[in-house]
Amino acid sequence: MESAVSKGAFPTPGPARRESQPVALLPGAALKGTPDLSIKLNLTWAPCSIFKSPQFAAGAESGWLRSTPAGRTSKSLEIVQSPASIVRVRNLSKVYRQGESEITALSSVSLDIGAGEFLALMGPSGSGKSTLLHIIAGVDRPSSGTCRVQDVEVTQLNESALADWRNQHVGFVFQSFNLMPVLTAEENVELPLLLTRLSGPDRRRRVATALALVGLSDRARHLPRQMSQGQEQRVAIARALVTDPTLVVADEPTGNLDSQSARDVLALLQSLARDAGRTVIMVTHDPKAAAFGSRTLYLEKGELLDKTPD
């Protein structure tokens, strides 16, 4: 079956480009020269620049199976001051209180994450990696410190503004997929768009684009129980991408998958960062999964390590 890309449903790919700001992933009329507006929900349909990347189009047609682990890890915590940094965390701490006891989940963590980077966060259970991910994604709040995504200080937003920001700028991929069992693949992918002002036809076009992007156009009307776990996770990734988020955050996305499905999902995430300029942050226990990232950071007892653990 031909993909939407191979059928010519989108503009002919042009030269691949890398910019300091993320490119628009799905139709949404991104405004050139406006770094903090990756999508305008009330604008009309427009072709998106992800399909201008010939490498990404080729990856979509081959089912992502030709992507390989990057195998690059970071042994230094040097913070690169770069205009390409999309996430800037400074002195971030998180302390949970249980009665009279205090549990430190994060302790003075600082890091930068570049636009188009695929960052893997590793560490043992309780190391603080999921807490860090959740704070960056606006799901949790720190006890102290700052977290800036593009030009937004996420920690200073009130609950309503934070919910709006998450819906527009963060796509979530969970270990357990979190698909609604009574909804089809396309209905599950459409769910985040129901919170926007997009018309029905625009929502359907976005859903079709997202499912084509993950190679599941032919499963659009299938229920979760009619799909493999690997296909379910790809539906979850399509749902994460359908709002054209600034960040894609994945918490143990391969934890429930067999080895082949895990490789397919990781290769898809890798290609989204490498070929489409998305910023992907993934928490994992698996060094083989982390090898697909462009950089790996290690946490232990709430602190970033300054070297790769033995």
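Quick notes on this structure:
- Residue, farthest from Asn178 (Cα to Cα), within segment 235-264, restricted to residues that are among the small types (Gly, Ala, Ser) and over 14 Å from the mean Cα position of the chain (by Cα): Ser259
- Selection count, segment 126-171, where residues are buried (at least 21 other Cβ atoms within 10 Å of the Cβ) and among the hydrophobic types (A, V, I, L, M, F, W, C): 9
- For segment 87-125, a residue qualifies if it is closer than 22 Å to Ala291 by Cα and open to solvent by less than 10 Å² (accessible area, probe 1.4 Å), and the qualifying residues are Val87, Leu111, Ile113, Phe118, Leu119, Ala120, Leu121.
- Some residue of segment 255-271 being surrounded by fewer than 24 Cβ atoms within 10 Å (Cβ to Cβ), polar (S, T, N, Q) and at pLDDT 95 or above: no
- Among helices (runs of 4 or more DSSP H) entirely within segment 177-290, having at least 3 residues that are within 24 Å of Gly116 (Cα to Cα) and either in contact (Cβ under 8 Å) with a residue 60 or more places away in the chain or in contact with a His (Cβ under 9 Å, 6 or more places away or on another chain) (or both) singles out 200-213, 229-241, 259-276, 287-290.
- Within segment 275-298, the set of residues being more than 17 Å from Val87 (Cα to Cα) and either open to solvent by 10 Å² or more (accessible area, probe 1.4 Å) or of a type in the set (Gly, Ala, Ser) (or both) comprises Asp275, Ala276, His285, Asp286, Pro287, Lys288, Ala289, Ala290, Ala291, Phe292, Tyr298.
The values are calculated or read from the model by the stated rules, or taken from the named source; none is laboratory data. Since the model is a prediction, treat every value here as computed from it, not as a measurement. Positions of Cβ are generated from backbone atoms using ideal geometry, with glycine treated the same way; all protein chains shown enter the neighbour counts. These area figures cover heavy atoms from the full protein model, side chains too; ligands, DNA and RNA do not enter into them. Shrake-Rupley method; radii C 1.70, N 1.55, O 1.52, S 1.80 Å.
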